[in-house]
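A short worksheet on the structure shown next.
The numbers here are math on the coordinates, done by the rules we state, and not lab data. Predicted model, so just to flag it, every value in this text is computed and none were measured. Cβ placement follows ideal geometry from the backbone for every residue including glycine, while neighbour counts extend to all protein chains displayed.
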Amino acid sequence: MPRNHDIAELRRLDVAHHLPAQADWAEIEKLGGSRIITHAEGCTIVDGDGHRILDGMAGLWCVNVGYGREELVEAAAAQMRELPFYNTFFKTATPPTVTLAAKIAQLTGGRLPHIFFNASGSEANDTVFRMVRHYWKLKGEPKRTVFISRWNAYHGSTVAGVSLGGMKAMHAQGDLPIPGVEHVRQPYFYGEGQGMTEEEFCDACVAAIEDKILEVGPENCAAFIGEPVQGAGGVIIPPKGYWPKVEAVVRKYGLLLVADEVICGFGRTGKMWGHETMGFTPDLMPMAKGLSSGYLPISATAVASHVVDVLKTGGDFVHGFTYSGHPVAAAVALKNIEIIEREGLVERTGSITGPHLAKALATLDDHPLVGETRSIGLLGAVEIVADKETRARFGGAEGTAGPMARDACIANGLMVRGIRDSLVMCPPLVIATEQIDEMVAIIRKSLDEVMPKLR
Ligand code: PLP
């Protein structure tokens with residue numbers, strides 16, 4: 001049973017003392033505090049005022065097995081009783097840590113069999129950053145330090161994460177990126193491919209990567225990093241054939257290839273990994289979120305043997321976090337993976353709920369505000385435009401319609417994100433087809449409501 005909370009007092013304390021993440025604190029103060037989420041079950045979250053909200057975002061792209069899983073609670077409690085903490089610094093490891101490493105290795109099909117643990121997706125990318133540069137030094141090519149990434153990519157909120165990411169607003173705070181990160185255009189066909197066929201646009205995006213490698217000098221390039229499908233950038237699904245072509249260019253010049261699977265991993269796109277859906281094979285693979293379905297913070301960086309073999313020639317890899325391989329988080333992740341496998345959630349996403357979401361979203365295509373709907377697995381987006389023909393945005397610039405439509409959706413009982421002028425969604429993998437229909441009905445109703453305010 002949910003506990004009784006003094007919500008008014010919590011909101012007062014929130015304003016007085018809490019600095020929420022990625023937020024405008026002055027705005028939250030004006031609103032009288034954050035929305036306090038008190039409990040959740042299945043795919044539904046409940047706030048302090050008793051509003052029941054269908055969670056179209058799986059928390060923050062992570063609660064893949066849904067809320068209220070007693071098995072995960074039990075796994076955490078059992079491990080806490082046995083061994084609540086031990087580290088992996090002192091030539092030590094714990095049973096769940098090692099077992100989870102072996103399990104992840106198996107899930108990569110043996111292609112990335114070495115696992116370094118962290119507590120967040122950002123740390124997993126920091127680990128990539130240091131591993132890759134260290135690798136090239138040990139390999140005798142110390143000039144290979146430059147990472148190539150895409151504008152509008154999201155790789156986390158630490159200094160390396162923000163630098164690898166391509167979010168200009170984040171770069172502006174903290175004088176980032178750090179030296180040695182270069183960005184190229186993103187494969188956002190709807191937003192940036194006007195006047196081209198999808199194939200022409202795809203080739204232009206791949207050519208931009210090759211041009212950048214040649215500009216920097218292949219001998220200076222360390223790795224290319226990308227999300228198989230950009231999540232926080234607005235669910236940007238690359239054109240067909242993009243990733244195999246990117247892989248060919250990256251291999252041609254000898255760079256390492258990094259697939260940031262923090263959102264795409266663990267079934268989100270309908271296969272276990274986003275890179276499987278997209279048809280390429282990375283050398284390093286950060287993952288987080290779906291690894292524990294967000295029940296506890298844990299992330300991992302999976303690494304190919306040919307990289308680890310070189311790293312093993314360098315003595316200590318002087319990198320690690322107190323919570324690297326946290327036994328309780330690892331025990332919960334193991335149980336979470338067991339649930340994903342037992343309930344066939346990856347296959348279900350690929351063959352039932354993913355196609356259902358695509359079909360349901362397509363029913364919105366006739367709406368006057370909808371420029372495009374797109375989805376892959378259980379990642380979806382609705383582009384809101386003022387003019388379907390020209391793809392012009394409301395107010396002449398992006399960023400008005402998306403947040404407005406998002407607020408309407410939340411008021412109507414659906415949690416989605418408004419990224420620039422699109423609504424994006426990423427529901428738990430356990431969502432029922434009826435709940436997908438409900439999501440889409442709420443989006444239509446919300447678009448109808450905001451239309452007169454936008455026009
Ligand atoms: N990489 C990707 C693709 C992400 O979407 C995120 C978070 O949304 C991160 C990295 C950072 O993960 P975290 O917030 O756990 O540090």
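Values as computed for the structure displayed
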quantity: Most positive-pole-ward Cα, Gly413, Gly140, Leu364, against dipole of the chain from beta carbon charges; calculated: Gly140
quantity: Residues Ala78 and Leu13, FRET efficiency given R0 of 25 Å [Cβ-Cβ distance, rounded to 0.05]; calculated: 0.15
quantity: Sum of side-chain charges, Ile53 neighbourhood, beta-carbon under 10 Å (Lys, Arg +1; Asp, Glu -1); calculated: 0
quantity: Entries of Lys335/Lys445; Lys103/Lys252; Lys212/Lys359; Lys143/Lys312; Lys30/Lys453 with Cα pairs more than 27 Å apart; calculated: Lys335/Lys445; Lys103/Lys252; Lys212/Lys359
quantity: Computed Kirkwood radius, in angstrom, where 1/r is averaged over Cα pairs of the range 62-206; calculated: 18.9
quantity: Length released on extending from Asp437 to Glu200, taking residue separation times 0.36 nm less the Cα-Cα span; calculated: 81.9 nm
quantity: Loop sites in the range 342-413: GluC sites (Glu not before Pro), DSSP, at most 10 other Cβ within 10 Å; calculated: Glu389
quantity: Backbone HN-Hα couplings from phi across the range 125-140 [Karplus 6.51/-1.76/1.60, Hz, Gly and Pro as x]; calculated: 6, 4, 4, 4, 4, 6, 4, 5, 5, 5, 4, 5, 4, 5, 7, x
quantity: Value of relative contact order over the chain, rounded to a whole percent, pairs C-alpha under 8 Å and six or more apart; calculated: 19
quantity: Amide H partners (placed H, <5 Å) of Gly325, local residues excluded; calculated: Phe117, Asn118
quantity: Positive-end residue of Pro96, Leu31, Cys205, charge dipole of the chain with Cβ unit charges; calculated: Pro96
quantity: Rounded to the nearest 20 debye, dipole of the range 248-367 from Cβ charges on Lys, Arg, Asp, Glu; calculated: 60
quantity: Pairwise label distance in nanometres, Ala26 with Arg455, each label 7 Å out on the Cα-Cβ vector; calculated: 3.4
quantity: Positive-end extreme of charge dipole, the range 262-390 - chosen from Ile298, His326, His275 (charges on Cβ); calculated: His326
quantity: Rh by Kirkwood over Cα pairs, then Stokes-Einstein D for the chain at 1.567 mPa s and 4 °C, µm²/s; calculated: 57
quantity: Net charge over other residues, Cβ less than 10 angstrom from the Cβ of Phe201 (K, R count +1; D, E count -1); calculated: -4
quantity: Amide H contacts under 5 Å for Thr38, placed H, 5+ residues apart; calculated: Val46, Asp47, Gly48
quantity: Relative contact order, percent, the range 179-296 [alpha-carbon distance under 8 Å, six or more residues apart]; calculated: 23
quantity: Around Pro282: net Lys/Arg minus Asp/Glu count, Cβ-Cβ under 10 Å; calculated: -3
quantity: Ranked by how many other beta carbons lie within 10 Å on average, peptides 283-291, 430-438 from highest; calculated: 283-291, 430-438
quantity: Residue list for the range 59-98, given a label point 7 angstrom along the Cα-to-Cβ vector of His39 and an amide N cut-off under 15 Å; calculated: 67-70
quantity: Nonlocal amide H pairs with Leu256, under 5 Å, H built at 1.01 Å; calculated: Ala223, Phe224
quantity: Stretch gain in nm, segment Ala397-Glu192, where the contour uses 0.36 nm per residue and the Cα spacing is subtracted; calculated: 72.4 nm
quantity: Theoretical ellipticity at 222 nm over the chain - DSSP helices of four or more residues, -39500 (n - 2.57) apiece, nearest 500; calculated: -12000 deg cm²/dmol
quantity: Relative contact order (percent, whole number), the range 296-455, Cα cutoff 8 Å, 6+ residue spacing; calculated: 18
quantity: Unit charges on C-beta of K, R, D, E only; dipole of the chain, Debye; calculated: 780
quantity: Fully extended contour minus Cα-Cα distance, from Asn220 to Phe89, at 0.36 nm per residue; calculated: 43.9 nm
quantity: The range 62-139: trypsin sites (Lys or Arg not before Pro) falling in loop per DSSP and having at most 11 other Cβ within 10 Å; calculated: Lys91
quantity: Nearest-20 debye value, the range 308-387 charge dipole, Cβ charges on Lys, Arg, Asp, Glu; calculated: 320
